[in-house]
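The values are calculated or read from the model by the stated rules, or taken from the named source; none is laboratory data. As the structure is a prediction and not an experimental result, all values here were calculated from the model. Glycine also receives a Cβ, built like all others from the backbone with ideal geometry; neighbour counts cover every protein chain displayed. We work out accessible area using only protein heavy atoms, side chains counted, and drop any ligands, DNA or RNA first. Shrake-Rupley method; radii C 1.70, N 1.55, O 1.52, S 1.80 Å.
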Amino acid sequence: MRALPVFSSALLWIACFSVRCSHVEAKEGECKNDEGDGLVLLPNPTKTLHNGAEMPLFQLGSAQLTTDFAPDADAPPGFVGMQPERMYRQIELALSAGLRAFDTALIYGTQKGLGHVLGEWWRTGKLQARKDVWITTKIFHPRCNVCLESLHMPGLSDMTPEEVSVKTEEHFEKSLQELNVGYLDLVLIHWPGEDDKSAGRPLDPEMNRQRRIAAWKVLEKMYKRGWCRAIGVSNFDIPHLEQLKQDGATILPMVNQIESSVEVQHVEIREYCQKHGIVVQAYSALRGLGEGTRAKQLLQTLGTKYGKDVGQVAFRYLYQHGYAIVYLTNSKKRVKSNTEIFDFELTADEMEAIDGLNHSDGGWGLPKPQDIQ
C-alpha cells in the first residue's frame, strides 16, 4: 500500500485528473466491456484521488425522495419520504446501459436494494468481480423528519464525541452489511453536523467540531483497515475542512460532495478543494432547469449550437469546472445521454455566461455548508 499523505501546513495535494477507461483496448469515447456479457460500457473517465484511487466521473444517485413539490400520486395522501423500492429497476436499467458507478447513503434506504441487484449480476456472471463497480455511500446524517430513525442520528446534537464514534462505526458496518460487500469504494461523512434551524435551538460550535473529528477518525480507522478504498466528506465548508486538520486528522478528505449546478456554485469551496487536492463532486447537478427559467433558456441556446440537450450542457459546464458528477434518473435513455459530453467544449465566454446564473439562494431547500457551525 502506498504511503498516505498527512496534514502539513507546508504540503498541498494537487488533484490529478485522468481521462482513462478502466477497460483495455477501448475505442476513443467508449470503454470496451471485458465482462463477457456483450454490453458496451458507457464512457466514464476517472478522477485520480490523492491516494491514487481512480473514481469514476459519473455516478448514479439513488435518493428516491418523494416531496411535497414532487409528490407521488399513487402514495397515501401527504406522504413525504424515501421510496427505495423505485431503485431496483433503476439500478438494473443503469447496469444494462453500461454504467458501473453508484452513489447511495444509509439514510436513503437504498443500500439493500443496490446490494441485491449487484449481487444478482455477480451471481449470473454479468459482473465478474467486485472491482467491476464503484460504490459510494454516506453516513453521519443528523435528524431527518422524513426518514427512518435507524438510518440517521436524530439525537446528534446531544451526543458526546464518544457516542458519535460508536454510532458512526455502527453505521459504517451496517452499510457493509446492507450492501453485502466486503469493502466500499468511497465513504463520506454526509453532513458536517446539524444546523441551528433544524435543531430548533442555537448549537455549540465547539461541540459540533468535536463530533466531526470523532466521526472522521472512524473513517480513518476503517480506511487503514482496508474496509474502504477512499474516504471523504459531503456538504463541508472551508472552515470544516480546516478544523479537521487542526484537530488531528492524519488523512486529507479525498472528496467533498456538495450541491452544485448551473445556479448553485460554491466557488470558494470548489477552489479551496481543488487547491488542496480534494476532488469536488456535484449533486443536484440539474437544479434550476425548469421551464421558463433564465438558466434553461441559456442552456437551450447553447444546446442548439452544439446539438446537445440542456442536461448535457449543464454537465459539460460542471465537467469543465473540474467536478465529478452524481445524477439521479430512472431512465435508461438518460443514463446514456448524460455521459455524452466529451465531443464538444464550451468557450470561455460561454462558461462565463453560465457562471452568471449563480445565486446564493439557488438551492432546493437543504442547509448550505455555511449554515453549519
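Within the range 158-192, track down each residue that is assigned to a loop (DSSP other than H, G, I, E, B) and farther than 18 Å from Gln210 by Cα. Reasoning before the result, please.
If we filter the range 158-192 for residues that are assigned to a loop (DSSP other than H, G, I, E, B), which is where we start, we get 159-160, 180-183, 190-192.
Correct list: Asn180, Val181, Gly182, Tyr183.
When you check Gly362 against the structure, is it in contact with a helix residue (DSSP H, G or I) (Cβ under 6 Å, 6 or more places away or on another chain) and at pLDDT below 95, yes or no? Lay out the reasoning, then the answer.
On the way: in contact with a helix residue (DSSP H, G or I) (Cβ under 6 Å, 6 or more places away or on another chain): no; at pLDDT below 95: yes.
It is false that Gly362 is in contact with a helix residue (DSSP H, G or I) (Cβ under 6 Å, 6 or more places away or on another chain) and at pLDDT below 95.
Does any residue of the range 216-231 turn out to be hydroxyl-bearing (Ser, Thr, Tyr), touching a residue at least 60 places away in the same chain (Cβ under 8 Å), at negative phi and open to solvent by less than 20 Å² (accessible area, probe 1.4 Å)?
Of the range 216-231, the ones hydroxyl-bearing (Ser, Thr, Tyr) are 223.
Now restrict to residues that are touching a residue at least 60 places away in the same chain (Cβ under 8 Å): none.
No - not one qualifying residue is present in the range 216-231.
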Open item on the list: Step by step: first the residues of the range 62-74, then only those that are of a type in the set (S, T, N, Q) and assigned to a loop (DSSP other than H, G, I, E, B), then the one that is nearest to Ile325 (Cα to Cα). Which residue is that?
Closed with: Ser62
TODO: Considering each residue of the range 106-133, count those that are surrounded by fewer than 23 Cβ atoms within 10 Å (Cβ to Cβ) and either assigned to a loop (DSSP other than H, G, I, E, B) or out of contact with any Gly (no Cβ under 8 Å at 6 or more places or on another chain) (or both), and give that number.
DONE: 18
TODO: Scan the range 80-96 and report the pairs whose first residue is over 16 Å from Tyr108 (Cα atoms) and whose second residue is open to solvent by 60 Å² or more (accessible area, probe 1.4 Å) and part of a helix (DSSP H, G or I), with Cβ atoms within less than 7 Å and a gap of 6+ or a chain change.
DONE: Leu93/Lys332; Ser96/Lys332
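Within the bounds of the range 155-162, is there any residue that is loosely packed, with under 15 Cβ neighbours inside 10 Å and at pLDDT 95 or above? Please lay out each step first, then the result.
Going residue by residue through the range 155-162, those that are loosely packed, with under 15 Cβ neighbours inside 10 Å are 155, 158, 160, 162.
Subsequent filtering for residues that are at pLDDT 95 or above retains 160, 162.
Checking the range 155-162: at least one residue is loosely packed, with under 15 Cβ neighbours inside 10 Å and at pLDDT 95 or above.
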- [ ] Give me a count of the residues in the range 75-100 that are part of a loop (DSSP other than H, G, I, E, B), open to solvent by less than 40 Å² (accessible area, probe 1.4 Å) and on the phi > 0 side of the Ramachandran plot.
- [x] 1
